[in-house]
Amino acid sequence: MLGIVITGHGLFASGLLQAVVQIIGKQSSCIAIDFPDGMTTEQLSQELYTAREACDSGKGGIFLTDLLGGSPFRQAAQLALIHPQWQVITGTNMQLAVEMMMVRDEMNAVEFRDMALECGHRGLTSLWHQQQQQQQVKQQVLSDDTDGI
């Protein structure tokens, strides 16, 4: 099973993990590392290192981070450069986290990375876009039901 380390500013990581657990249950080999105000990047790096060690079963894993270029992303990236069996994903959202937690047993870190990006994009939409998509489906069903007379 791939290990998962969730990290981000404030309480992003623990909040996301708590929400994931509420939806799909407790997750093994998954640790949340918050980056609260007052924590140094050196402390964050050490906590990420320890978390990576704790949840890596030998198959590698994924760092799920909140913001491209932020300290959690940069510290995770430094660890991934040293440990190439680990990947870093940024811009993590709930859609990505829930879907990918349920399928991580079946893939390696590179497959996870690529599929996670698709999941994350699917989870980013708007009410208006969803309504338009539903309207298009209804119109297609109606046009398919006509017998041409």
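The values are calculated or read from the model by the stated rules, or taken from the named source; none is laboratory data. It should be emphasised that the depicted structure is a prediction, and the values quoted were computed from it without experimental measurement. Here the Cβ is made from the backbone with ideal geometry for all residues, glycine too, and neighbour counts use every protein chain on show. Calculation scope for accessible area: heavy atoms of the full protein, side chains included, ligands and nucleic acids excluded. Shrake-Rupley method; radii C 1.70, N 1.55, O 1.52, S 1.80 Å.
State, to one decimal in nm, how far the label point of Glu111 lies from the label point of Met1, with both points 7 Å from Cα in the Cβ direction. It works out to 1.7 nm between the two label points.
In the range 1-131, what percent of the accessible surface is made up of carbon and sulfur (1.4 Å probe, ligands and nucleic acids excluded)?
After summing per-atom areas, the C and S share lands at 57 percent.
Estimated at 0.36 nm per residue, the fully extended path between Asn93 and Met39 surpasses their Cα-Cα distance by 17.1 nm. The phi torsions of the range 120-136, fed into the Karplus equation with coefficients 6.51, -1.76 and 1.60 and a -60° offset, translate into couplings of x, 5, 4, x, 9, 7, 9, 4, 4, 5, 5, 5, 4, 5, 5, 4, 5 Hz, rounded to whole numbers, with Gly and Pro shown as x. Ordering Leu16, Phe112, Ala97 by the projection of their Cα atoms onto the charge dipole of the chain, which places +1 on the Cβ of Lys and Arg and -1 on the Cβ of Asp and Glu, puts Leu16 at the extreme positive end. In the context of the full set of protein chains, residues of the chain present 58 Å² of accessible surface per residue (probe radius 1.4 Å, heavy atoms only). Using Cβ point charges alone (K and R +1, D and E -1), the dipole size of the chain about the Cα centre works out to roughly 200 debye.
Taking amide H positions as modeled 1.01 Å from N, with prolines and chain starts lacking one, the residues under 5 Å from Ile62 and 5 or more places away or on another chain are Gly3, Ile4, Val5, Gln87. With contacts taken as Cα pairs under 8 Å and at least 6 residues apart, the range 31-84 reaches a relative contact order of 36 percent. The H on the amide N of Ala32, modeled in the peptide plane, is under 5 Å from the matching H of Ile6, each at least 5 residues off or on a different chain. Spherically averaged projected area of the convex hull of Cα atoms, the range 1-128: 7.6 nm². Scalar couplings 3J(HN,Hα) for the range 12-20, obtained by applying the Karplus form with A = 6.51, B = -1.76, C = 1.60 to θ = phi - 60°, are 3, 5, 5, x, 5, 4, 4, 5, 4 Hz; x denotes Gly and Pro.
Per-residue ellipticity at 222 nm from helix content only, as computed over the chain with -39500 (n - 2.57) for each DSSP H run of at least four residues, stands at -18000 deg cm²/dmol. The phi-based Karplus calculation (6.51 cos²θ - 1.76 cosθ + 1.60; θ = phi - 60°) puts the 3J(HN,Hα) values of the range 29-40 at 6, 9, 10, 9, 10, 7, 10, x, 3, x, 7, 8 Hz, whole numbers, x for Gly and Pro.
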